[in-house]
Each structure stands twice: as C-alpha cells, then as structure tokens.
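The block underneath contains the structure these notes are about, expressed in structure tokens.
The values are calculated or read from the model by the stated rules, or taken from the named source; none is laboratory data. Computed from a prediction, not measured in an experiment: that's the story for all the values here. Quick reminder, even Gly has a Cβ in these numbers, built from the backbone with ideal geometry, and neighbours come from all protein chains shown.
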Amino acid sequence: MPELPEVETVVRGLKQTIIGKTVESVKILDEKPLINSKVPEFSRFIEGRRFTDVLRFGKYIHFLLDNGSSLVAHLRMTGKYIYQDVLLGTEAGPRTEAGPPTLPENSAHLRIIFYFTDGSKLFYKDMRRFGTIKIYRDGAVIEEKARTGPDPFEKIVTPAWLLEKLKKRKQAIKPVLLDQKLLSGLGNIYVCEALFKAQVNPFLPADRLDENMAEKLLAEIRNVLRLAIKKNGTTISDFRSIDEKSGEFQAMLQVYGKEGEICRKCGSVTISRRKQEQRSTYYCSYCQGVD
Ligand SMILES: [Zn+2]
C-alpha cells in the first residue's frame with residue numbers, strides 16, 4: 001500500500017504534468033472509484049475544468065480545479081495515475097526510452113481516462129479496485145482532511161506536541177503511530193524504520209515515551225520520509241510513480257522485510273518480526289531494547 005512518500009511522489013509527478021491542463025472529456029470504464037458521484041454527475045463536474053494545483057494531505061491526493069471545486073483521491077492498494085503526453089506523429093515514431101509510457105486504452109485494470117484539450121491524457125488504473133475519487137464542490141468541507149491528523153512535516157508537530165498526544169495513549173507506540181488521526185501519512189514500513197533508527201521499542205506503551213525519545217523519534221520519522229521521497233518511494237509490491245518508474249527506497253530499508261538478517265546497526269543480532277494488531281513489526285531486539 002502506498003504510504004506518504006509514494007503519494008508525495010505521485011503528487012509531484014502530477015504537478016509536473018497536469019497543472020494548467022483542461023479536461024475536455026472523461027471516459028469512465030468503472031464507476032467503483034467514484035464513491036460520492038455517479039457517472040453523469042462526475043462527467044459534468046470535471047469536463048471543462050482546469051487543474052490549478054495538486055496537493056497531498058496524509059495519503060490523500062487533492063486535485064484543485066479552476067472553479068474552486070476539487071477531487072480528493074486515495075490510491076489504497078493498487079491505484080495508479082499514469083500520464084501520457086501527446087504522442088508524436090508517425091514521422092518521429094512513438095517515443096520510447098525517456099519518453100512517456102504509451103498505454104493502450106484497452107489495457108487491463110484501466111478505470112478512468114481524462115482527456116485534456118491539448119491531446120494528452122491521464123489514466124487511472126487500479127487492479128484491486130479499492131482506490132477512491134470523491135468530488136467536492138467549492139466551499140464544501142473536505143471530510144478526509146477534517147478526520148486526519150497533521151502531516152509529520154507540519155510546523156505544529158513538535159516533540160512537545162507529540163509527547164502531549166502520546167500521554168493519553170496506553171497502547172504500544174507502534175500501532176499508535178499508524179493512527180491517521182494522530183499523524184497522517186505514516187504506514188507500516190516507515191514506522192518500523194523510524195522506530196529502529198530512533199532506537200525506540202515498538203512495544204513500549206505510548207504514554208511512557210520521554211522527551212528525549214519523542215525528539216529522536218520525530219526526527220527519524222522525518223528523516224526516513226524525506227529520504228524515501230528523495231528515492232521516489234518504496235516499491236514493495238507494484239508501486240510505480242506517475243511515469244511508471246519504481247521507487248528506490250527499498251534498497252535503504254534497515255528492518256522492514258529483513259527478518260532473520262543480521263542487524264546493520266549492531267551487527268550481532270538478527271532482525272525479528274512480531275505481529276502487533278495484525279501488522280508485522282520488524283525490529284532489532286538489541287538496538288531497540290525489546291525483551
Ligand atoms: Zn541491532
């Protein structure tokens with residue numbers, strides 16, 4: 001499932017490609033992603049509109065439109081946006097290598113195609129069909145935004161803020177960090193990595209973190225996310241950026257998916273895996289002080 005860095009990678013790709021483009025028409029091959037509109041309403045909503053910006057909050061993609069309305073999308077397991085530039089004529093031949101991917105309009109798992117007035121297209125593909133796209137008219141309260149906590153990069157998120165929030169939670173720190181109402185955008189991979197880097201025991205009750213630990217943890221959450229964004233995310237299953245490139249962060253993973261491998265930090269203990277609320281937690285028992 002894409003986490004914050006993967007969504008940020010997609011958003012950056014969309015920013016570079018669709019801002020300023022006007023939707024001429026839209027083809028909806030599957031209406032399942034449209035969770036608060038039907039096909040005719042969605043078409044009327046989007047046709048003739050120009051994308052003015054693409055933003056991210058948590059793991060959501062927020063498409064802003066020229067009339068103040070917007071789309072809020074979530075990729076869930078396998079949602080993907082693929083941009084296709086105007087194809088060159090036969091004289092130059094189809095673009096290969098560095099050029100944009102060409103996607104036949106009957107390719108598998110295609111759900112929606114946005115046709116822009118300049119001839120370029122944006123494809124929305126989703127194999128598992130859990131991804132969503134919601135429409136919001138000008139002035140409407142974005143529900144997803146109201147229910148999710150701040151982004152780990154926001155200014156209000158300080159060690160003191162984090163400590164204050166954790167004080168009320170007796171649950172283990174790791175599942176607490178996955179709670180999108182606390183901080184938005186963090187998922188299993190980056191939480192495991194950040195806890196390892198900060199040398200915090202993932203099973204420690206959240207209310208027992210001290211100032212020093214909160215400071216280290218927040219710094220490592222940001223470091224891990226920043227690095228992952230720089231590497232265009234992590235390709236664990238089939239995540240691809242908008243130009244179909246794989247992420248490269250998986251090469252930097254220290255604990256996630258490394259069960260049985262020698263810890264890169266202490267060099268003496270093997271990485272363990274244990275389930276916490278149905279999710280695998282990877283950790284070094286020595287470096288993170290787990291009994
Ligand atoms: Zn270790």
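Can you tell which of L204, L162, L166, L209 is more than 16 Å from the chain's Cα centre (by Cα) and surrounded by fewer than 20 Cβ atoms within 10 Å (Cβ to Cβ)?
Values: L162 fails: surrounded by fewer than 20 Cβ atoms within 10 Å (Cβ to Cβ); L166 fails: surrounded by fewer than 20 Cβ atoms within 10 Å (Cβ to Cβ); L209 fails: surrounded by fewer than 20 Cβ atoms within 10 Å (Cβ to Cβ).
After ruling out the rest, the residue left standing is L204.
Could you list, in sequence order, all residues of region 14-33 that are under 21 Å from the mean Cα position of the chain (by Cα) and either more than 17 Å from T78 (Cβ to Cβ) or surrounded by fewer than 16 Cβ atoms within 10 Å (Cβ to Cβ) (or both)?
L14, K15, Q16, T17, I18, I19, K32
Mind counting the residues in region 188-224 that are in a helix (DSSP H, G or I) and farther than 14 Å from L178 by Cα?
15
Quick one: which residue in L182, L122 is of a type in the set (A, V, I, L, M, F, W, C) and either free of Cβ contacts under 8 Å to residues at least 60 places away in the same chain or in a helix (DSSP H, G or I) (or both)?
L182
For region 125-142, which residues satisfy the criterion of being modelled with pLDDT of 95 or more and outside any loop (DSSP other than H, G, I, E, B)?
Residues satisfying the conditions are T132, I133, K134, I135, Y136.
Can you tell me which residue within region 58-85, out of those that are surrounded by fewer than 19 Cβ atoms within 10 Å (Cβ to Cβ) and among the hydrophobic types (A, V, I, L, M, F, W, C), is farthest from P150 (Cα to Cα)?
M77
Could you give every pair whose Cβ atoms fall below 7 Å, whose first residue belongs to region 261-289 and is touching a residue at least 24 places away in the same chain (Cβ under 8 Å) and β-branched (V, I, T), and whose second residue is buried (at least 16 other Cβ atoms within 10 Å of the Cβ) and not in a strand (DSSP E or B), counting only separations of at least 6 or pairs across chains?
T281/K174; T281/C192; T281/P202
Just one of L177, L183, L162, L166 is aliphatic (A, V, I, L, M) and modelled with pLDDT under 95; which is it?
Going through L177, L183, L162, L166 in turn, the sole match is L183.
Taking region 258-286 as the region of interest, how many residues are away from the ligand (no atom under 11 Å from the Cβ) and loosely packed, with under 13 Cβ neighbours inside 10 Å?
4
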